[in-house]
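Quick notes on the structure that follows.
Please treat every number below as a calculation from the coordinates, not as lab data. What you see is a predicted model; the values in this text were computed from it and never measured. All Cβ positions, glycine included, derive from the backbone under ideal geometry; neighbour counts span all protein chains shown.
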Amino acid sequence: MKATEKRSIPTLKNMQQVYDNYTVEDHKVWKILFDRQIKNLPTAATAEYLAGLDRINFTNDEIPNFEKTNKILREATGWELVAVEGIVDDQLFFELMANKKFPATTWLRKMSELDYLEEPDMFHDVFAHVPLLVNQPFVDFLQALSQIAVEHAGDVKAIDLLSRVYWFTVEFGLIRESSGLRIYGAGILSSAGETKFSLSNEPKHFEYNVDQILNTPYRKDIFQDRYFIIDSFEELFESIHEVRMLLNDRITKKLMFA
């Protein structure tokens, strides 16, 4: 889910996952997407994602039930899923995560959209994001980044810069493990094609660098041409001070030359 896009949605308190509304096609789509991607992950995904997937108990024959999933998340890290209709505005997006609530859509793509979707669906939001929500350093980073964004609500430039950090970590981040380069970004984990591409020699790979990321715009309609590598989720959380410092530095310079 991209933080900088906006869509009008119903009042959040009225949103919920109505599990009985899922159709036969929905269940088929979930199974196809799950089976197609799960075979790629043992040698591609971070060990923490695989452990989280096992703990969260996702399977190919059952669309995740938010109520059941939230019981596990609350016990693990205190987080929970909240149902949203689609991409939410910046303020709500970050306010939710600043309060340990991850916004997730409840709808699934159609059979005709298996390979490309303009807007993230439940497979992306839930299959790709949720397993890492049981990892404490990762959610600590996610919450802290969101808290910074809440502090800068209404500042379009600040939100754009913070969205770059979110994009190149939470959505498209790579991690170095003893077994080699692995994926933790949900935007990659929900894409069979980008899973293979991101770990290949085709794109550029950089060490995690907050300053470089803040200077790097991105596109959402193509495979990324560059990825940033962390050594641990603790490193990610420990970079929050630098994120805040460099963001404030850019805001100060902007005001000086306005």
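Observations
- Top of 199, 117, 162 by mean-square fluctuation, Gaussian network on the chain, Cα under 10 Å: 117
- Checked against a 21 Å cut-off, the cross-linked pairs 39/220; 68/100; 196/220 give Cα-Cα distances beyond that limit for 39/220.
- Crossing angle, helix 47-56 versus the chain [Cα axis fit, 0-90 degrees, rounded to tens]: 50
- Largest-first principal axis extents of the Cα set of region 110-251 (Å): 44, 36, 30
- Neighbour-count order for 211, 61, 20, 89, fewest beta carbons within 10 angstrom listed first: 20, 61, 211, 89
- FRET efficiency for the residue 250 to residue 222 pair, using the beta carbon distance and R₀ = 25 Å, is estimated at 0.45.
- Axis of helix 24-38 versus longest Cα principal axis of the chain: the two differ by about 60°, to the nearest ten degrees.
- With the convex hull drawn over the C-alpha atoms of region 12-256, the volume per residue is 119 Å³.
- Helices in the chain, meaning DSSP H runs of at least 4 residues, each add -39500 (n - 2.57). Divided by all residues, the mean residue ellipticity at 222 nm is -12500 deg cm²/dmol.
- Directionally averaged projected area (region 42-119, Cα convex hull): 6.6 nm².
- The overall shape of region 32-74, judged from the alpha-carbon gyration tensor, is oblate: a/c is not under 1.5, and a/b is no greater than b/c.
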